Structure formats: C-alpha cells, structure tokens
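For reference, the structure discussed in these notes is given below.
The values are calculated or read from the model by the stated rules, or taken from the named source; none is laboratory data. As the structure is a prediction and not an experimental result, all values here were calculated from the model. For neighbour counting, all protein chains shown are included, and Cβ atoms are generated from backbone atoms with ideal geometry for every residue, glycine included. These area figures cover heavy atoms from the full protein model, side chains too; ligands, DNA and RNA do not enter into them. Shrake-Rupley method; radii C 1.70, N 1.55, O 1.52, S 1.80 Å.
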Amino acid sequence: MMVDVGDLNAFLAVAERGSFRGAARRLNVSASGLSEAVRRLESKLGIRLLHRTTRSVVATEAGARLIERLRPALAEVEAALEVVDTFRDRPAGTLRLNVPVVAARLILPAIVPDFLARYPDITLEVAAEDDFIDLVAAGFDAGIRYDERLERDMIAVPIGPRVQRSATAAAPAYLARKGRPEHPEDLLSHSCLTGRFGSGAVLIWEFERDGEIVRVEPRGPLVIRTGATADLAVDAAIAGTGIIHLFEDWLRPHFARGTLVPVLEPWWQPYSGPFLYYPGRRLPPPPLRAFVDFIRSRRPG
C-alpha cells in the first residue's frame, strides 16, 4: 500500500502536538491542509488514527502503534536527506533552538548576527523559556543549558563565557535606609527580591568564600518566576525595594551607571558557563552542524 510521506509527517506532527493549529505553526502550513492530509491518510488506511474533540486531538490505539513505528523510520529518511544536503555549497534550512531567558539575553546577542551574516540561507528560530523540556519531542534541534541540567545521551558544546557568577546588589538608597549586609545570613533580615522556578520551587541563593558555602532562602516583598520577569526584579531593586541576586553580566550595566551597588561581592559564587546541547543519536542537520562549527571557531585557542 502506497501512502504519501507528507501525509505521514502531517499525522505525526498533529499527534505529537495534540493540536492541528499547534502542528500547523510548527510546520508553517495551514491547519486545514493538515486536517485534509490526516483525513486522506485515514481514508487510504481504512482506519481512524486520531480522536478529535473541540479541545484536543489524541491518537487512537491504531494511531499510537503507527507513531511508534513512524518516528524512527521518518528520522532515518530525514537523516538520509541531510546527508545529501551536505553536498550543498552553503547550508540552508531552519535551525530551532530552545534556550533559557538568560542565554537569549546574555549569550546569543554576541553570536547570532555574525552567524546569520555568514549563513544567509539559514533561518534561526529561538524559543526562550526556563522550563526544562524534551528537545526532540518539542521539535527543537538543540538547546542551551547549564551542565547540571543536561540530559543524558546529548552532545554538549561550550558556548559563551566558561565561568560566570551570580551577583547580589541593591540600590544606594536601599543600603542607606537598611544598611549593608556583611554576611549572607544577614540577608534573612533584609527585603529580598526572590524567585521561583516553573516547578514552584523557591530559588535558593548560594554563596561561597574560602571553602565555606552558605545557602539562604531569602524572603521579601516580590517573588518572580525565574527568567522572563527578571527585569521586573531589576527595576524594583533600582527603585530601592530590596536586594537582588542575579547573573553578574545582567547587573553589570547597572553597576557602571551607579543605579545598583554590589553587595557581598567576596561571596559571589563562580560556576561553569552554559553549553549548546543536541541529540547524539543521529547526524545533525546542516544548519545545526554549521552553528556548532561556528561556535567552536569562536572559542579562544
């Protein structure tokens, strides 16, 4: 029985996204076109593959079995086509990255313009979010994360500064009003601008000096979800609302302007910089391979 590979890809995309609209955005096609492709495939096979409701799309038992076999088969087809694409003079296609907000803010701006100038046939799509996701299932080619959050069976390539620090700071007006903490535990009596991860866990502030590690669970008038709302905490700190603890590179421009003042600097803890990571189970697509080579070429000797 001959079926169209495009119809199979359409079915798989809809099933993985659980939505015709979501799959349409992922594939940059119309939802109605995907719906027609799935109907055509079901008609050809003579069996329903998806349960459709107004709120969700779920694979039937037959559809689920087909998905199990389709994923590796279509991955092999894609890999075969990518091998052919390596003969192109210039890599082309779309590269999809999932990165934390801090990487989009502090790491990518120094890389992306030069990369896109060198590879004009590549389109880069970047999603910035701090929740840890399954790259492959979400349709991304690669991601950026710190080493403690890297998945197994992933290839990791250093990207950006290899050593970073978390900095603690406050506005001069706040310190004049509340005094300056001299030890991390002093923060427990201060107004702190705190954060939570997407999981709901409170962000613990960690400090280190001469081998002594101090972890503090700060409290204060503002709690943000880490990542996207960090600028709100920065603005609040500048206004004198409380003490902030954030990436040093994020706060450095405010130190230069004098709107924020470093606090507890001898205790600022260094840690390893981020990595670009991607699945190591198959040949990377040409846009990703070009990006990896570009990053490696920029690393100091």
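Can you give the extra length, in nm with one decimal, that the chain gains between Asp153 and Phe132 once fully stretched, where that is 0.36 nm per residue apart less the Cα-Cα distance?
6.0 nm
Tilt of helix 31-45 relative to the longest C-alpha principal axis of the chain, in degrees (0 to 90, nearest 10)?
The angle comes out at about 40 degrees.
How far apart, in nanometres, would the label points at Phe247 and Val261 be if each is projected 7 angstrom from Cα along the Cα-to-Cβ direction?
Rounded to a tenth, the inter-label distance reads 2.7 nm.
How large is the translational diffusion coefficient of the chain in µm² per second when you combine the Kirkwood radius over alpha carbon pairs with Stokes-Einstein at 25 °C and 0.890 mPa s?
110 µm²/s
Mind telling me which of Glu206, Glu61, Glu125 comes out most flexible in a GNM of the chain, alpha-carbon contacts under 10 Å?
Glu61
How much length, in nm to one decimal, is gained on full extension between Leu232 and Arg71, taken as 0.36 nm per residue of separation minus their Cα-Cα distance?
Details: separation 161, 0.36 × 161 = 57.96 nm, distance 4.19 nm.
Value of the extension gain: 53.8 nm.
Could you give the dipole magnitude of the chain about its Cα centre, charging the beta-carbon of Lys and Arg +1 and that of Asp and Glu -1, in debye to the nearest 20?
660 debye
Can you give me the relative contact order of region 91-170 as a percent, contacts being Cα pairs under 8 Å and 6 or more apart?
With pairs under 8 Å counted, the relative contact order is 40 percent.
Starting at the first residue of region 24-29, write each ³J(HN,Hα) from the Karplus equation 6.51 cos²θ - 1.76 cosθ + 1.60 with θ = phi - 60°, in whole Hz, x for Gly and Pro.
5, 5, 5, 9, 6, 10
Leaving out ligands, DNA and RNA, and with a 1.4 Å probe, what % of the accessible surface on the chain is carbon or sulfur?
Values: 8410 of 16290 Å².
Carbon and sulfur atoms account for 52 percent of the accessible area of the chain.
Calculate one ³J(HN,Hα) per residue across region 110-119 by plugging θ = phi - 60° into the Karplus curve 6.51 cos²θ - 1.76 cosθ + 1.60, and present them in order as whole Hz with x for glycine and proline.
Ordered by residue, 3J(HN,Hα) equals 7, 10, 4, x, 5, 5, 5, 5, 6, 10 Hz.
Which is farthest toward the positive dipole end of region 177-301 among Ile295, Thr259, Tyr271, measuring Cα position about the Cα centre, with Cβ charges +1 (Lys, Arg) and -1 (Asp, Glu)?
Ile295
Let me cross-check Leu222: its accessible surface, 1.4 Å probe, with only protein heavy atoms counted, in Å² to the nearest 10?
Using a 1.4 Å probe on the heavy atoms, I get roughly 40 Å².
Tell me, what is the per residue accessible area of the chain in Å², probe radius 1.4 Å? Intermediate results must be reported in sequence, preceding the final value.
Details: 16290 Å² over 301 residues.
Accessible area per residue, the chain: 54 Å².
Work out the charge dipole of the chain with +1 on the Cβ of Lys and Arg and -1 on the Cβ of Asp and Glu about the Cα centre, then indicate which of Leu45, Cys192, His245 is farthest towards its positive end.
The residue sitting farthest along the positive end of the dipole is Leu45.
Can you give me the solvent accessible area of Asp153 with a 1.4 Å probe, rounded to the nearest 10 Å²?
Probe radius 1.4 Å; accessible area of Asp153 about 120 Å².
If packing is taken as the average count of other Cβ atoms within 10 Å, what order do 2-12, 237-247 fall into, highest mean first?
The packing order, highest mean first, is 237-247, 2-12.
Which percent, nearest 5, of DSSP beta bridges in the chain are antiparallel?
65 percent
Report ³J(HN,Hα) in whole Hz for each residue of region 289-295, in order, from the Karplus equation J = 6.51 cos²θ - 1.76 cosθ + 1.60 where θ = phi - 60°; Gly and Pro get x.
Whole-Hz 3J(HN,Hα) from phi for region 289-295: 4, 5, 5, 4, 4, 5, 5.
Sort Thr94, Thr194 by heavy-atom solvent-accessible area, probe 1.4 angstrom, most to least. The partial results should precede the final answer.
Working: Thr94 50, Thr194 10 Å².
Order by accessible area, largest first: Thr94, Thr194.
If amide hydrogens are placed 1.01 Å from N in the peptide plane, which non-local residues have theirs closer than 5 Å to the one on Thr123?
Gly93, Thr94, Leu95
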